Amino acid sequence: MQTTAQSCHDSLLNRIKELRALKLEQEARINQQYIDLKNSFNIGAVLKESIHHIANDQDTQKNLVKIATTTGSNFLIEKLLGRNTSIRGYISSLLVEKVSDSLIGKWISKL
């Protein structure tokens, strides 16, 4: 009778140890999930995640490069040809912008 009680007591102690280990594991998992949830509401983390997705998307990368090059070339054309100084400057800057946009589009499509 005493050995049966002893074996029950030992099995209960082992089960208590297992449950405590399981509790620690679950608490660690909950803490990590809480940290992930808290970070998901952080604006910086949202921006970082968005930029990470943009960096992996080839179409978005091409579009961003096209926008940046078009904006840069339009700025340079406007400064060099003086869009706001005369009618001739305005027309020439428009023509050069159209040509540069088509060249940029062809160059981007090759990427």
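Where residues in the range 41-57 are at pLDDT 75 or above and not hydrophobic (A, V, I, L, M, F, W, C), which of them is most open to solvent (accessible area, probe 1.4 Å)? The selected residue is 48. Taking the criterion of being open to solvent by 100 Å² or more (accessible area, probe 1.4 Å) and charged (D, E, K, R), the residues of the range 26-40 that qualify are 29, 38.
The values are calculated or read from the model by the stated rules, or taken from the named source; none is laboratory data. Here the structure is a predicted model, which is why all the values come from computation and not from measurement. Each accessible area value is taken on the protein alone, full model and side chains, heavy atoms only, with ligands, DNA and RNA left out. Shrake-Rupley method; radii C 1.70, N 1.55, O 1.52, S 1.80 Å.
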